[in-house]
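Reading through the structure tokens given below for one structure.
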Amino acid sequence: MLIKTPPTSAARECEVTPEAVYLSRRRLMSAAAGAVAASILPVRADEGRYTDVEPGASPAWFSEKLSSVRWQAVTAGEEALTPYPDVTHYNNFYEFGTNKGDPARYAGKLEVEPWSVMIDGEVARPGAVSLEQLVQPHRLEERIYRLRCVEAWSMVIPWLGFPLADLIKRAEPTANAKFVRFESRVAPEQMAGVRSGFSLIDWPYVEGLRLDEAMHPLTLMAVGLYGRVLPNQNGAPLRLVVPWKYGFKSIKSIVRISLVAEQPRTTWEGLAPEEYGFYANVNPQVDHPRWSQATERRLPNSLFNPNVISTRLFNGYDEVSTLYSGLDLQKYY
Ligand code: MTE
């Protein structure tokens, strides 16, 4: 983003192609092994949906939830999923570095157990809750959402999570609550990007939503993707996903959720307000000062298949437009 911005035309082939190769090799291997393995593999709780993705180890709280998941509660129509290797190896998580491969390389160091989240501010029931307590009352849903980064690339990701609205309701917001402020974990000893003297970010990474945006049924608290627990590089153990906004609103590794009366100062808006607005609604008609937002590069792509598609207002989630009736989207970008 601000610190390191490749031109939109600059495809990062070195990062994408090896993963595509890796994936096709995995497909070949699993096809060959399939006949033998079918009889001895344990039944997968994701009902065998993502056979290209190793089930992996999951914490107990997550495994217990898998049998009751509402699969495909929201889909992205005919749009193809971005392969798991791309979703998990082409990331923005500046706490671990500014290169797209840094989070996959270094976020394994992040200790995600135990994890607790402070819920405070304008609520009748403030307090710290463990991740297990926080997730326990919710049935997980799979939501296949488009993710559009402000850098003009995009993916389609099958998240597992629950509506943020349900969590907020349980905290019982007071009449003064008008915005929700989110804070990410800061652990310098585990995060080279936080230790770095070159980072412009004033940690913690902070994001915010208007209360009605936070309560919108599309706004998701994610704890998994591709039928398995959230990888660290994607924001384990708890992240926000707001599919109609640029990806930087979808804050990772959340440790604090505060209901507040005033619009919070957020990380990217604070760094460069003329480039990154508080709203950050995906909008092909409002260009970034340094590049167009009219199109996006859908991963996976390659030199011979740039896979450039038109960007849609609100990332195609037209149902949110009523949240902004009367708001000048050129001014409040
Ligand atoms: N959250 C934190 N804490 N730190 C970050 O650097 N990057 C944001 C967002 N959430 C970021 C973050 C940006 S710019 C994007 S595009 C998305 O995470 C990327 O999510 P992904 O890596 O899972 O695709």
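In the range 172-205, of all residues being surrounded by 21 or more Cβ atoms within 10 Å (Cβ to Cβ) and aliphatic (A, V, I, L, M), the one that is farthest from F278 (Cα to Cα) corresponds to M191. Close contacts from the range 241-253, counting a first residue that is over 19 Å from P103 (Cα atoms) and a second that is near the ligand (Cβ under 7 Å from one of its atoms) and part of a strand (DSSP E or B), with Cβ to Cβ under 8 Å and a gap of 6+ residues or different chains, come to P243/L147. The single condition from (1) within 8 Å of the ligand (Cβ to nearest atom); (2) aromatic (F, W, Y); (3) closer than 18 Å to P158 by Cβ that F248 fails is (3).
Within the range 61-108, if we keep just the residues that are under 22 Å from G316 (Cβ atoms) and among the aromatic types (F, W, Y), the residue that is farthest from the chain's Cα centre (by Cα) turns out to be W71. Just one of the numbered conditions (1) assigned to a strand (DSSP E or B); (2) within 15 Å of the ligand (Cβ to nearest atom); (3) small (G, A, S) is not true of S258; which one? With (1) assigned to a strand (DSSP E or B); (2) within 15 Å of the ligand (Cβ to nearest atom); (3) small (G, A, S) applied to S258, the lone miss is (2). Residue count for the range 46-66, restricted to those that are surrounded by fewer than 14 Cβ atoms within 10 Å (Cβ to Cβ), assigned to a loop (DSSP other than H, G, I, E, B) and modelled with pLDDT of 95 or more: 0. Selection of strands (runs of 3 or more DSSP E) fully inside the range 166-227 by the criterion of at least 2 residues being touching a residue at least 60 places away in the same chain (Cβ under 8 Å), within 12 Å of the ligand (Cβ to nearest atom) and under 30 Å from W71 (Cβ atoms) returns 179-184, 220-225.
In the range 230-241 there is no residue matching the filter, namely being assigned to a strand (DSSP E or B) and more than 10 Å from the chain's Cα centre (by Cα).
Q285 - would you say it is over 30 Å from E132 (Cα atoms) and within 16 Å of the ligand (Cβ to nearest atom)? No, not satisfied. Pairing each residue of the range 77-95 that is farther than 15 Å from G235 by Cβ with any residue that is near the ligand (Cβ under 7 Å from one of its atoms), provided the two are 6+ apart or on different chains, yields C-beta distances under 7 Å for T82/M155; D86/M155.
Counting only residues that are in a strand (DSSP E or B) and more than 17 Å from R70 (Cβ to Cβ), the range 107-141 holds 11 of them.
I'd like to check something: does the range 91-105 contain any residue that is more than 16 Å from the ligand (Cβ to nearest atom) and not in a helix (DSSP H, G or I)?
Checking the range 91-105: not a single residue is more than 16 Å from the ligand (Cβ to nearest atom) and not in a helix (DSSP H, G or I).
Looking at I144, I157, which is the one that is more than 13 Å from the ligand (Cβ to nearest atom), under 27 Å from A57 (Cβ atoms) and either out of contact with any Lys or Arg (no Cβ under 6 Å at 6 or more places or on another chain) or assigned to a helix (DSSP H, G or I) (or both)? Going through I144, I157 in turn, just one is more than 13 Å from the ligand (Cβ to nearest atom), under 27 Å from A57 (Cβ atoms) and either out of contact with any Lys or Arg (no Cβ under 6 Å at 6 or more places or on another chain) or assigned to a helix (DSSP H, G or I) (or both): I144.
Yes/no matrix, rows are residues, columns are (1) surrounded by 17 or more Cβ atoms within 10 Å (Cβ to Cβ); (2) part of a loop (DSSP other than H, G, I, E, B); (3) of a type in the set (S, T, N, Q):
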| site | (1), (2), (3) |
| --- | --- |
| Q285 | no, yes, yes |
| R297 | yes, no, no |
| L303 | no, yes, no |
| I309 | no, no, no |
| N315 | yes, no, yes |
| S321 | no, no, yes |
| G326 | no, yes, no |
| Q330 | no, yes, yes |
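The values are calculated or read from the model by the stated rules, or taken from the named source; none is laboratory data. Keep in mind the model is a prediction, meaning the values are calculated, not measured. For neighbour counting, all protein chains shown are included, and Cβ atoms are generated from backbone atoms with ideal geometry for every residue, glycine included.
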